[in-house]
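The values are calculated or read from the model by the stated rules, or taken from the named source; none is laboratory data. This one's a predicted model, so the numbers in the text were calculated from it and none came from an experiment. Cβ placement follows ideal geometry from the backbone for every residue including glycine, while neighbour counts extend to all protein chains displayed. When the accessible area is computed, the model is the full protein with side chains, heavy atoms only, and any ligands, DNA or RNA have been set aside. Shrake-Rupley method; radii C 1.70, N 1.55, O 1.52, S 1.80 Å.
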Amino acid sequence: MQLLYVRYLAARPVDEIQCIAQTRRRHRCTSTLLSPETPAGTWRLVPATATSGQLALPSAVMAIYDLSAIPYAEQLRWRAQRCPQHAAIPTAADLAVTDWEPFDPLRHHEHIHNRLPTHTRHPGPTGRAHEAARP
Ligand SMILES: [Zn+2]
């Protein structure tokens, strides 16, 4: 995914990335970063360019979850890996380190897909995301 002009490899699927803050009960928060109340990113196909000095890749494009269009504060929230609730409580301690890893197209080539995800998840009326397969 792309946020704050940097491409990262997340440790989990976009809608499963979990908040790292500690709750008042001293457990790790179970909320996900993606929430129906906050702006979502968009899947896009972008050139799979390597950073300078590296070889160009044969696969020309790759799917990326792009957060660069959402407000800056929201991108900071994603980078800090906090749910909307804990983004508002900066004093809550982190119980884990963030899972972000700078994306390296050569080392992470198995994560490069030249097609957009075949199914997307839409927030349902209950607020819980449902999976809807597209033909
Ligand atoms: Zn949280």
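Rounded to the nearest angstrom and listed largest first, the equivalent-ellipsoid semi-axes of the range 2-121 from its Cα gyration tensor are 28, 15, 13.
Net charge of the neighbourhood of L76, taken over other residues with C-beta under 15 Å away and scored Lys/Arg +1, Asp/Glu -1, is +1.
With both labels modelled 7 Å from their Cα along Cα-to-Cβ, the L76 to I89 distance reads 2.0 nm. When a 1.4 Å probe is rolled over the protein heavy atoms, the share of accessible surface on the range 2-121 that falls to carbon and sulfur comes to 55 percent. For the range 2-121, the solvent-accessible area with a 1.4 angstrom probe is 62 square angstrom per residue. Rounded to the nearest 0.05, the FRET efficiency derived from the C-beta distance between T30 and A60 at R0 = 35 Å is 0.35. With a simple spin-label model that places each label point 7 Å from the Cα along the Cα-to-Cβ direction, the separation between H113 and T42 comes to 1.9 nm.
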